[in-house]
Amino acid sequence: MAALRVLVAKVGLDGHDRGVKVVARLLRDAGIEVIYTGLFQTPETVAAAAVDEDVDVIGLSMLSGAHMTLAPLVVQAVRARGADIPVVLGGIVPNQDVEELRAAGIAAVLGPGAPADEVVRTISTAARGEHRHQGV
Amino acid sequence: MFVAQAETAGVPRARLGGTLQNDILKEYQAQKEFVFPPRQSMRLVRDTVAFTANEMPRWHSISISGYHIREAGSTAAEELAFTLGNGFAYVELARQAGLPVDSFAPRLSFFFNAHIDFFEEIAKYRAARRIWARWMKERYGATNERSMQLRFHTQTAGVSLTAQQPEVNLIRTAIEALAGVLGGTQSLHTNSMDEALALPTEKAARLALRTQQVIAYETNVAHVADPLGGSHFVEALTDEMERRAEEIFARIDEMGRGSMLEGCITGIEENWFQGRIADSAYELERAFNRGERTIVGVNRFLEGNEEDNLDILKITNEDERKQRERLSGVKRERNEPAVLDALDRLAKDAVDPEVNLMPALIDASLAYATVGEMMNTMAGVFGRHVEVPTI
């Protein structure tokens, strides 16, 4: 089986890049191919990069508090390109927000303190499409 | 904008006291809130230091900040060395602009993190004071004692706090705050227990304040300076911190071929600082994942994690709408030709690197130009910085 490809992405005015880099390295160490968008992207640039790079999963890192606005826009931008790439969200996301995010099409949410094996497992599960359409 | 506001209210700028963070080097290294490329941004820092040294004697022009470097993942020794290294870079920048060291150095201040490794943090603060005094005197020729004194603000470590069992964060924050106080901090910010979840609720913010008040008014620990001086362990740790910081200074100095200023800028341009911070963050993460380091409620002692149900603050789009309305109101009422003139002058001044931009910025503020308009005007001249993404 070919290695999974994951795009890790930062959208909006959110300079917190410790988490995204740690996650990128631990996915890479688990044998996953990782592409990092860099900071200050828009939902459209993330969706375009994900489609161009033909990735299996988008890992979105958000610590700005804007996840309820921006994360669903990433899902919509991906779908607008006719793609069905699962979006996994990580960062400062309170439990109270998870249900609404799932309803908006986010495949899974990884909260603060998620251990490495859970991150890898969640990404792999999302890639197999097993989160898809749950909670919708 | 402070100057414009004060003078509009009849308070002369020379009487203003306050602190700007204004530490752009750590933005490229860690916090990532940059707009212009590094050298253009450093010109703005130079302009604020020169302007305040001449016209605002009570104003602190830069708060040289390690907080964000540590939060981004550095070790304690890297926080210490990168921060002081940036401080030396600003000193060299101001000297290059022709300012005598004792004319501005007494108004430089610092901002450090207080992480959870108690004695290591205290040693870090003690080492910072020793190093700053020595370098200011020996390398930069300061003669005023105030130029050699390192004064600092401390904030407890947001990154050490957990979303799991968030009330435990009160205890972490209290311990971190105590390290800051025993280490001699001049001012203190304690984080709220809901830091890993959202912006603080009123109650969480009040508890954070109460933590400081218990330390300040009940424990008596602030009645004595450097209470751990002379402790065999703390002195040895302080020496070790100093030694590790000097190793890093040597590397920065080498990158800058004898200039800390050039070393810091080169290190940023070559992603050296950013890479070291990311390496340290990953190493620590792996230590947690292997169970070599413990975080209560995250990799050990998980009982109770299921009960988490703290009330958290919700920010709504209503707040954004109100702010937009206020901004439109200001724009409707201001004298538009005066704004355009002021922005024009700002653009002209920006083109000549010898000109100090502060007068043009103050005039633009007096005309009610917005921060966005001033930044866009300068970006038209300076360009915008784009970080090369590296993992």
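Where a number appears in this text, it was derived from the coordinates with a stated rule and is not lab data. Just so we're clear, the structure is a prediction, and the values are computed from it rather than from any experiment. Cβ: placed from backbone, ideal geometry, glycine included. Neighbour counts: every protein chain shown.
In a simple Cβ point-charge model (Lys, Arg +1; Asp, Glu -1; nothing else charged), the range B:318-382 has a dipole of about 260 debye relative to its Cα centre.
At a 10 Å Cβ-Cβ cut-off, how would you order B:Thr162, B:Thr48, B:Thr294, fewest neighbours first? Mind showing how you got there, number by number?
Details: B:Thr162 22, B:Thr48 19, B:Thr294 12.
In order of increasing Cβ crowding within 10 Å: B:Thr294, B:Thr48, B:Thr162.
On C-alpha positions alone, give me the angle between the axis of helix B:118-138 and the longest principal axis of chain B, in degrees, nearest 10. The two axes meet at around 40 degrees.
How high is the FRET efficiency from B:Glu283 to B:Asp341, r the C-beta distance, R0 45 Å, rounded to 0.05?
On the way: r = 54 Å, r/R0 = 1.20.
Here the calculated transfer efficiency is 0.25.
Positive contributions from Lys and Arg (+1) and negative ones from Asp and Glu (-1), summed over other residues with Cβ under 11 Å from the Cβ of A:Ala30, come out at 0. Against chain B, whose longest principal axis is taken from its Cα atoms, helix B:168-182 shows a tilt of about 70°. Relative contact order, whole percent, for the range A:32-124 stands at 27, derived from Cα pairs under 8 Å and 6 or more residues apart. Between the helical axis of B:76-96 and the longest alpha-carbon principal axis of chain B there is an angle of about 20 degrees.
Ellipticity at 222 nm from helices only: DSSP H runs of n ≥ 4 in the protein assembly as shown, each -39500 (n - 2.57), divided by the residue count, give -16500 deg cm²/dmol.
Determine the dipole magnitude for the range B:187-252: charges of +1 sit on the beta-carbon of Lys and Arg, -1 on that of Asp and Glu, nothing else is charged, the reference point is the Cα centre, and the result goes in debye to the nearest 20.
The calculation lands at about 300 debye.
With Cβ to Cβ distances under 11 Å as the rule, what net charge do the other residues near A:Ile92 carry (K, R +1; D, E -1)? Can you show the working numbers first?
Values: positive: none; negative: A:Asp14, A:Asp97, B:Asp194, B:Glu195.
That works out to -4.
Scaled against 2.2 N^0.38 Å for its residue count N, the alpha carbon radius of gyration of the range B:266-368 is 1.99. Reported to the nearest whole Å, the Cα centre-to-centre distance from the range B:1-74 to the range A:93-117 is 37.
The order of B:Lys32, A:Lys21, B:Lys203, going from fewest to most other C-beta atoms within 10 Å of their C-beta, is B:Lys203, B:Lys32, A:Lys21. Structural descriptor for chain B: relative contact order 19 percent, calculated from alpha carbon pairs under 8 angstrom and at least 6 residues apart. Derived from the Cα gyration tensor, the three semi-axes of the equivalent ellipsoid of the range B:12-154 are 24, 18, 14 Å, largest first. Cross-link candidates for A:Lys10: which lysines have Cα within less than 26 Å, leaving aside residues fewer than 8 places away along the same chain? List returned: A:Lys21, B:Lys26, B:Lys32, B:Lys314. With a sphere of radius 13 Å drawn around the Cβ of A:Arg81, what net charge do the other residues whose Cβ falls strictly inside it have (Lys, Arg +1; Asp, Glu -1)? Computed value for this residue: -4. Taking max minus min of the alpha-carbon positions on each principal axis, the range B:318-382 gives extents of 44, 22, 16 Å, largest first.
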